[in-house]
Structures are given as C-alpha cells and as structure tokens.
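Visitor: Got a structure for you, written out below as structure tokens; questions coming shortly.
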Amino acid sequence: MNTTIKTHTVHGEPMHIHIRLSDPCNNGHNDWAITADIWRKGSNILSDRNIDRCGCCHEDILSKMPSLKIFVDLHLSNESGAPMYAIENGFYHMRNSSLEVFADYMRVDLMISAKVKKEITSKESFSYWVDGLRAGWLEEANRAKALLAELIEKNSVNA
C-alpha cells in the first residue's frame, strides 16, 4: 500500500509526500515509511536537479499536514506497529538516551518512560514490558492502515 500526496510546504515549495506500507527490501516483512521530496520554490518539479531536500522531512510534512502524524510516529516500524528492533534498540535507548528520545522511540509518554528507566534493570524484564505495548502498537498500525486506504482512495479519485 502506498500513496503520494502532492502539495506545497508552508513556505510554498512543491512537496510530494510518500506514505507506504510495503516491503521494498524484499526481506519478507512490510514496514512503514513517510518521506518527502521538496523542490526549490518556483523550480521544475520534473527535474531531480531542483530537489532541495528529500527523505525524512517530517517537520516539513507535519507543519503542512499535522493529520499525518500517525505515519511519522510509525516511520520505520513494522506492519504491526512495533518500532524497528523494539527490544534491542529500546533497551539501548532506555539505558543510554535522554528520557525524551526513549519515550519517542517507544511511543509512550514521559511519565511512563521515567518509571521504566528507574525500575527496569534487565533486558528480560524490559522485553516483558515491551510485550505489553504490542497491542497498542497494533491498534495504532490498524488505524494508520485505514487512514492510508482512505488516502489511496482519495488520491485515485483525484488523479
């Protein structure tokens, strides 16, 4: 599943937002991504030479379309909504990153992150905690799938 939304940044630069749930690496599992191509204002968007920036332009995307935040939150998560290497990367962030980075990566609020950082000491107990998040991640992914299907339908009607 994928779609491209053709719009402009809040500064008037042409922007194509790409949202996908697919397996571009052919590794046997789908993952989420939201990226953008942004051209210089007034340039020919048919030429890649005029691209000003591209990739994870999440701030540009959200400043124009805050309704796409669910896709930004799911970026690089698997089809079930779990962050990439949820246990390994999450445990690393719990031990080595700021509270904000850890909370953002695990998609939990700061109070929960602080409690987990304080109380969980082993990877085994962290893994058990992560298992408790999976149902919420799946619910989020299912909401995103429904929204992506709506966007695909809307873009095919407007094409």
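Visitor: Scan region 4-35 for residues that are more than 11 Å from the chain's Cα centre (by Cα) and part of a strand (DSSP E or B) and jot them down.
Guide: THR4, ILE5, LYS6, THR7, HIS8, PRO14, MET15, HIS16, ILE17, HIS18, SER22
Visitor: Output the number of the condition that ASN155 fails; it satisfies all remaining conditions of (1) of a type in the set (S, T, N, Q); (2) surrounded by fewer than 17 Cβ atoms within 10 Å (Cβ to Cβ); (3) modelled with pLDDT of 95 or more.
Guide: (3)
Visitor: Which ones in region 100-159 are β-branched (Val, Ile, Thr) and farther than 15 Å from SER77 by Cβ?
Guide: Restricting attention to region 100-159, the residues satisfying the condition of being β-branched (Val, Ile, Thr) are 101, 108, 112, 116, 120-121, 130, 152, 157.
Within region 100-159, VAL101, ILE112, VAL116, ILE120, THR121, ILE152, VAL157 qualify.
Visitor: Within region 72-159, which helices (runs of 4 or more DSSP H) (wholly inside it) include 1 or more residues that are of a type in the set (Gly, Ala, Ser) and touching a residue at least 40 places away in the same chain (Cβ under 8 Å)?
Guide: Hits in region 72-159: 86-96, 123-158.
Visitor: Is there a residue in region 83-95 that is surrounded by fewer than 18 Cβ atoms within 10 Å (Cβ to Cβ), of a type outside the set (Lys, Arg), in contact with a strand residue (DSSP E or B) (Cβ under 9 Å, 6 or more places away or on another chain) and within 19 Å of ILE34 (Cα to Cα)?
Guide: yes
Visitor: Going by the conditions given, is ARG49 of a type in the set (Lys, Arg), in the same structural domain as ASP23 (by TED's automatic domain parsing) and in a helix (DSSP H, G or I)?
Guide: Taking the combined requirement at face value, the residue satisfies it.
Visitor: When region 17-38 is examined, which residues are found to be out of contact with any Phe, Trp or Tyr (no Cβ under 7 Å at 6 or more places or on another chain) and surrounded by 12 or more Cβ atoms within 10 Å (Cβ to Cβ)?
Guide: ILE17, HIS18, ARG20, SER22, ASP23, ASN30, ASP31, ALA33, THR35, ALA36, ASP37, ILE38 - these are the residues of region 17-38 that are out of contact with any Phe, Trp or Tyr (no Cβ under 7 Å at 6 or more places or on another chain) and surrounded by 12 or more Cβ atoms within 10 Å (Cβ to Cβ).
Visitor: In this structure, is HIS16 farther than 19 Å from ALA144 by Cβ and touching a residue at least 12 places away in the same chain (Cβ under 8 Å)?
Guide: For HIS16, the condition - farther than 19 Å from ALA144 by Cβ and touching a residue at least 12 places away in the same chain (Cβ under 8 Å) - is met.
Visitor: Follow-up question, since we're still on this one. Please find, among MET1, MET111, the residue that is surrounded by fewer than 18 Cβ atoms within 10 Å (Cβ to Cβ), outside the structural domain of ASP131 (by TED's automatic domain parsing) and either at pLDDT 95 or above or closer than 19 Å to ALA149 by Cα (or both).
Guide: Exactly one residue qualifies, and that residue is MET1.
Visitor: Could you grab the pairs with beta carbons closer than 8 Å, sequence gap of 6+ or different chains, first residue in region 50-65 and free of Cβ contacts under 8 Å to residues at least 12 places away in the same chain, second one surrounded by 15 or more Cβ atoms within 10 Å (Cβ to Cβ) and part of a strand (DSSP E or B)?
Guide: ASN50/TRP39
Visitor: Condition (residue is in contact with a strand residue (DSSP E or B) (Cβ under 6 Å, 6 or more places away or on another chain), within 21 Å of GLU139 (Cβ to Cβ) and modelled with pLDDT of 95 or more) applied to region 44-64: is it met by at least one residue?
Guide: Looking through region 44-64, none of the residues is in contact with a strand residue (DSSP E or B) (Cβ under 6 Å, 6 or more places away or on another chain), within 21 Å of GLU139 (Cβ to Cβ) and modelled with pLDDT of 95 or more.
The values are calculated or read from the model by the stated rules, or taken from the named source; none is laboratory data. Just so it is clear, the structure is predicted and the values come from calculations on it, not from any experiment. When we count neighbours, we look across all protein chains shown, and the Cβ atoms used for this are built from the backbone with ideal geometry, even at glycine.
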